[in-house]
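K.L.:
Just dropping this structure here.
Read-outs throughout are calculated quantities, based only on the coordinates presented, and are distinct from any laboratory measurement. Computed from a predicted model, the values in this text were never measured in an experiment. Neighbour counts are summed over all protein chains in view; Cβ atoms, including those assigned to glycine, are modelled from backbone coordinates with ideal geometry.
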Amino acid sequence: SQQGEEDPQALSIQEGENATMNCSYKTSINNLQWYRQNSGRGLVHLILIRSNEREKHSGRLRVTLDTSKKSSSLLITASRAADTASYFCATDGGGKLTFGGGTRVLVKP
Amino acid sequence: DTAVSQTPKYLVTQMGNDKSIKCEQNLGHDTMYWYKQDSKKFLKIMFSYNNKELIINETVPNRFSPKSPDKAHLNLHINSLELGDSAVYFCASSPILGGGTEAFFGQGTRLTVV
């Protein structure tokens with residue numbers, strides 16, 4: 001079964017708006033990672049947040065982690081058409097990454 | 001200077017055939033993986049190798065046999081292909097086993113079994 005569950009499954013926004021997606025997981029983790037997948041391509045790492053961190057920023061990305069609620073969120077600010085992709089959270093433990101089902105984000109120009 | 005490369009990118013084959021997918025990484029990483037992504041985009045780990053040794057075999061049918069001739073290569077051989085094997089298969093690598101670092105993914109191999 002999937003470790004992470006992502007919400008929403010799909011998101012459609014206008015360019016310039018913010019996009020927020022959430023990830024919930026079931027077991028304790030060492031860290032949580034977010035990846036982007038453009039259509040027909042492989043996954044690209046975006047950001048890693050460790051279990052002792054609460055928030056992390058990278059450019060227009062902001063990730064939060066709440067280990068008490070076993071949840072994480074990814075915020076993309078000032079979205080661009082090029083941000084159109086699927087976004088996956090992945091929990092890191094047991095020597096492997098376990099992925100959520102992903103959120104498909106469509107940014108309309 | 002592709003980091004993780006897989007071949008072929010597309011593979012269309014008939015049921016019952018045997019096929020292989022090759023993967024190579026030039027990052028000097030110790031750990032390599034195979035993931036399967038189904039039609040609903042769910043990604044599931046199949047195997048992981050660390051320095052040519054099998055570490056994880058995630059209840060994959062034994063028709064799937066990974067082979068790692070050296071730590072830069074991890075190939076996937078599939079015997080007696082079935083319709084349900086149709087999916088996108090991703091190879092990935094990471095610097096060390098045990099996580100804490102990002103994984104680098106190949107472009108994927110779209111396998112279609114007809």
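K.L.:
Identify, please: which residue in segment B:31-45 is exposed (fewer than 15 other Cβ atoms within 10 Å of the Cβ) and either among the acidic types (Asp, Glu) or at the interface with chain A (Cβ under 8 Å from one of its Cβ atoms) (or both) and is, among those, farthest from B:Ala72 (Cα to Cα)?
P.N.:
Result: B:Lys40.
K.L.:
So, one more: Sort out which residues of segment A:55-67 are surrounded by fewer than 14 Cβ atoms within 10 Å (Cβ to Cβ) and either in a strand (DSSP E or B) or among the hydrophobic types (A, V, I, L, M, F, W, C) (or both), and write them in order of number.
P.N.:
A:Glu55, A:His57, A:Ser58, A:Asp66, listed by residue number.
K.L.:
Being more than 13 Å from chain B (Cβ to nearest Cβ) and free of Cβ contacts under 8 Å to residues at least 60 places away in the same chain: is that true of A:Asn22 here? Steps first, please.
P.N.:
Details: more than 13 Å from chain B (Cβ to nearest Cβ): yes; free of Cβ contacts under 8 Å to residues at least 60 places away in the same chain: yes.
Criteria met by A:Asn22.
K.L.:
So for segment B:12-20 (the condition being surrounded by 13 or more Cβ atoms within 10 Å (Cβ to Cβ) and hydrophobic (A, V, I, L, M, F, W, C)), does at least one residue qualify?
P.N.:
no
K.L.:
Within segment A:68-77, does at least one residue satisfy the condition of being within 14 Å of chain B (Cβ to nearest Cβ), part of a strand (DSSP E or B) and either in contact with a Cys (Cβ under 8 Å, 6 or more places away or on another chain) or over 14 Å from A:Gly102 (Cα atoms) (or both)?
P.N.:
Scanning segment A:68-77 turns up no residue that is within 14 Å of chain B (Cβ to nearest Cβ), part of a strand (DSSP E or B) and either in contact with a Cys (Cβ under 8 Å, 6 or more places away or on another chain) or over 14 Å from A:Gly102 (Cα atoms) (or both).
K.L.:
Every residue in segment A:29-54 that is at the interface with chain B (Cβ under 9 Å from one of its Cβ atoms), farther than 14 Å from A:Gly102 by Cα and surrounded by fewer than 17 Cβ atoms within 10 Å (Cβ to Cβ), please.
P.N.:
Once the filter is applied, which keeps residues that are at the interface with chain B (Cβ under 9 Å from one of its Cβ atoms), farther than 14 Å from A:Gly102 by Cα and surrounded by fewer than 17 Cβ atoms within 10 Å (Cβ to Cβ), segment A:29-54 yields A:Asn30, A:Gly40, A:Arg41, A:Arg50.
K.L.:
Go through segment B:65-93 and give me each residue that's under 18 Å from B:Thr112 (Cβ atoms) and either surrounded by fewer than 18 Cβ atoms within 10 Å (Cβ to Cβ) or of a type in the set (Ser, Thr, Tyr) (or both).
P.N.:
Of everything in segment B:65-93, those that are under 18 Å from B:Thr112 (Cβ atoms) and either surrounded by fewer than 18 Cβ atoms within 10 Å (Cβ to Cβ) or of a type in the set (Ser, Thr, Tyr) (or both) turn out to be B:His77, B:Asn79, B:Ser80, B:Glu82, B:Leu83, B:Gly84, B:Ser86, B:Tyr89.
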